[in-house]
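This report refers to the structure that appears directly beneath it.
The values are calculated or read from the model by the stated rules, or taken from the named source; none is laboratory data. No experiment lies behind these values; they were computed from the predicted model shown. In this analysis, Cβ positions are derived from the backbone assuming ideal geometry, glycine residues included, and neighbour counts consider all displayed protein chains. Side chains are part of the model used for accessible areas, which takes the heavy atoms of the whole protein and leaves out ligands, DNA and RNA. Shrake-Rupley method; radii C 1.70, N 1.55, O 1.52, S 1.80 Å.
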2 protein chains.
Amino acid sequence: MELTSLTFGEFSLVYNMFSFTIAAMLASGLFFILAQHRVSPKYRISLVISTLVVGIAAYHYFRITGSWAAAYEITSAGNYMASGKPFNDAYRYVDWLLTVPLLLVELVLVLNLSRQKSGPLLTKLVIAAVFMIGLGYPGELLSADSMFSERGFWGLLSTIPFVYILYVLFGELGTAMEGQPERVRVLFRNIRYLLIFTWGFYPIVYMAPFAGLTGSTSLVTIQVGYTIADVLAKAGYGVMIYAIAREKSLAEGYSVEEAVTA
Amino acid sequence: MELTSLTFGEFSLVYNMFSFTIAAMLASGLFFILAQHRVSPKYRISLVISTLVVGIAAYHYFRITGSWAAAYEITSAGNYMASGKPFNDAYRYVDWLLTVPLLLVELVLVLNLSRQKSGPLLTKLVIAAVFMIGLGYPGELLSADSMFSERGFWGLLSTIPFVYILYVLFGELGTAMEGQPERVRVLFRNIRYLLIFTWGFYPIVYMAPFAGLTGSTSLVTIQVGYTIADVLAKAGYGVMIYAIAREKSLAEGYSVEEAVTA
């Protein structure tokens with residue numbers, strides 16, 4: 001994607017969003033490690049996976065921030081112009097290639113299915129996720145101002161596995177809610193909304209250029225949009241999973257006092 | 001090896017594969033640390049060694065990525081040409097010199113042999129590994145388009161200890177499978193395949209220039225090939241070893257709940 005000149009505010013908004021995200025990912029990772037003993041042992045694997053997800057994201061946001069800073073130079077007028085070094089958008093897709101399968105593992109774990117069921121389900125979802133990400137990337141490299149463009153074509157292909165994943169997960173989450181205590185049901189309902197809301201954010205951002213946004217507005221919208229979606233889908237999501245694990249632990253009679261002092 | 005000009009796609013593919021590998025190594029290392037309590041204490045040393053392997057690899061991939069970025073400069077046309085700084089391929093061989101003996105220790109640990117047997121076995125395997133890596137390196141520095149070249153000669157010498165190591169390990173893994181529970185047997189069978197598949201990848205990559213690949217295609221194939229092999233042989237391998245340790249722990253009546261609260 002061609003890098004156009006940015007105002008001081010545009011460059012700084014993106015840069016500071018990236019930096020915010022590094023802090024949010026690292027802090028939530030630290031929380032997932034330090035709060036392990038607050039959930040019963042069988043739910044701790046979910047916190048471990050949340051830690052990996054936000055850790056991987058923190059690494060990539062460090063890289064993205066560095067690439068963003070290197071891709072621009074401040075002018076004497078206080079604007080930013082392209083430095084000639086490319087802004088490497090691939091970090092996002094590499095990140096998703098690692099973190100989306102982990103998020104799927106985490107979701108399937110929380111469903112508490114039998115091994116016979118969770119294995120094949122996860123295999124299907126992970127394969128769909130790889131297609132979703134792999135098909136989206138070629139379009140991301142292209143500018144476009146219409147849905148009926150090459151970017152739109154790749155986005156459409158990528159949407160097929162995306163819809164499949166959401167459809168399967170939404171159904172499974174609904175089934176998992178049955179027979180749970182009231183508080184856990186509410187959390188499951190919320191995680192269902194969060195899933196639709198955060199995951200649904202990505203295709204909207206992808207389509208931003210089709211809404212008539214051009215040049216720097218399109219670039220800034222895409223970067224800020226993906227960043228907000230990542231914070232919600234990774235750190236926010238991990239906190240929700242923690243809340244579910246905590247409620248379930250308490251409902252099952254787990255007491256942190258006994259566990260720590262025994 | 002002479003550095004030829006690369007297209008934007010070629011340079012980026014290698015760069016992004018390196019970055020992907022750093023993230024994968026760091027995340028799997030974090031997992032091996034955080035998931036320790038999920039296997040019974042006697043198997044935890046395997047996770048410790050896996051952590052060292054991926055930690056060493058993460059360090060070297062940071063270095064390799066930096067060396068790769070410094071060895072090229074982007075042109076105004078968007079291609080990459082050699083900057084004059086060398087790309088340091090020795091990082092790989094230094095990495096292998098440290099990680100291959102550790103991987104061998106890990107494998108021998110999982111075989112659960114008596115001390116009288118495991119000590120001498122490991123000594124033989126580690127000596128063979130040092131010869132394998134030491135003999136391969138001189139050839140790696142040379143371009144070649146034929147098996148009957150100096151690169152081919154060093155590769156051939158390196159293959160002798162390589163075949164010896166695989167032959168010994170394959171046999172020992174077969175012996176170790178006997179008398180194990182069904183699920184553990186399946187995992188042992190898979191680890192045997194993974195061993196052949198991932199280790200077998202390295203000589204194929206080494207021979208890539210003999211297949212008529214030249215210039216940038218040869219360079220990119222070698223870098224991407226070794227990188228995939230490293231991810232599988234280190235992070236993938238560690239996850240397999242974890243899975244074996246976990247199954248064996250459960251089969252032996254280990255329970256994470258009891259271990260934590262006792």
* Theoretical FRET efficiency, 1/(1+(r/R0)^6), r = Cβ-Cβ of A:Ala82 and A:Val186, R0 51 Å, to 0.05 -> 0.55
* Inter-chain shielding of B:20-27 (mean C-beta neighbours from other protein chains, 10 Å cut-off) -> 6
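Which FRET efficiency value, to the nearest 0.05, do you get for A:Asn16 and B:Met147 by plugging their Cβ-Cβ distance into 1/(1 + (r/R0)^6) with R0 = 41 Å? Spell out each step's value before the answer.
Values: r = 56 Å, r/R0 = 1.36.
The formula returns an efficiency of 0.15 here.
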* Per 5 Å bin, what is the whole-percent P(r) computed from every C-alpha pair distance within segment B:1-118? -> 2, 11, 16, 17, 14, 11, 9, 7, 5, 4, 2, 1, 0
* Asked: Stokes-Einstein at 37 °C, 0.692 mPa s, Kirkwood radius from Cα pairs: D for segment A:53-145 in µm² s⁻¹?
  -> 208 µm²/s
* Asked: Between B:Leu232 and B:Glu178, what is the FRET efficiency for a Förster distance of 30 Å, r being their Cβ-Cβ separation, to the nearest 0.05?
  -> 0.70
* Asked: For chain B, modelled as a GNM with alpha-carbon contacts under 10 angstrom, which of B:Thr159, B:Thr175, B:Thr217 fluctuates the most?
  -> B:Thr175
* Between copies, how close do the B:Gly212 label points come, placed 7 Å along Cα→Cβ, listed in nm from shortest? -> 5.5
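Quick one: compute the contact order of segment A:1-112, relative version, from alpha carbon pairs under 8 angstrom and 6+ residues apart, as a percent.
32 percent.
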* Structure fact -> What the Cα atoms of chain A span along the principal axes, largest first and in whole Å, is 65, 40, 26
* **Evaluated at q = 0.14, 0.26, 0.27, 0.34 Å⁻¹: base-10 log I(q)/I(0), Debye formula over Cα of segment A:176-220** => -0.51, -0.86, -0.89, -1.06
* To do: Could you tell me the accessible area of B:Ile127 in Å² (1.4 Å probe, neighbours in place), rounded to the nearest ten?
  => 90 Å²
* **Crossing angle, helix A:182-206 versus chain A [Cα axis fit, 0-90 degrees, rounded to tens]** => 20 degrees
* **Diffusion coefficient, µm² s⁻¹, Stokes-Einstein with Kirkwood Rh over alpha-carbon pairs of the protein assembly as shown at 10 °C and 1.306 mPa s** => 63 µm²/s
* From the cross-link list A:Lys117/A:Lys234; A:Lys42/A:Lys248; A:Lys85/B:Lys234; B:Lys117/B:Lys234; A:Lys117/B:Lys234, which pairs have alpha carbons spaced over 22 Å apart? -> A:Lys117/A:Lys234; A:Lys85/B:Lys234; B:Lys117/B:Lys234; A:Lys117/B:Lys234
* Using only alpha carbon pairs under 8 Å that are at least six residues apart, calculate the relative contact order of segment A:84-219 and give it in whole percent. => 23 percent
* Asked: So for segment B:37-106, what percent of the C-alpha to C-alpha distances run longer than 21 Å?
  -> 46 percent
* Longest span of chain A, sites excluded, free of GluC sites (Glu not before Pro) in DSSP loop with at most 12 other C-beta atoms within 10 Å? -> A:3-177
* Asked: If we hang a label 7 Å off Cα along the beta carbon direction at A:Gly253, how far is it from the matching labels on the other copies, in nm, shortest first?
  -> 2.2
* Asked: Put the label 7 Å from Cα along Cα→Cβ for A:Phe20; what are its distances to the other copies, in nanometres, shortest first?
  -> 3.1
* Pairing the Cα long axis of helix B:8-34 with the longest principal axis of chain B, what angle in degrees results, from 0 to 90 and rounded to the nearest 10? -> 20 degrees
* To do: Please state, to two decimals, what the Cα-based radius of gyration of segment A:188-262 comes to when divided by 2.2 N^0.38 Å (N = residues).
  => 1.65
* Asked: What relative contact order, as a whole-number percentage, does segment A:48-97 give when Cα pairs under 8 Å and 6 or more residues apart are counted?
  -> 35 percent
* chain A, helix-only ellipticity at 222 nm - DSSP H runs n ≥ 4, -39,500 (n - 2.57), divided by all residues, nearest 500 -> -25500 deg cm²/dmol
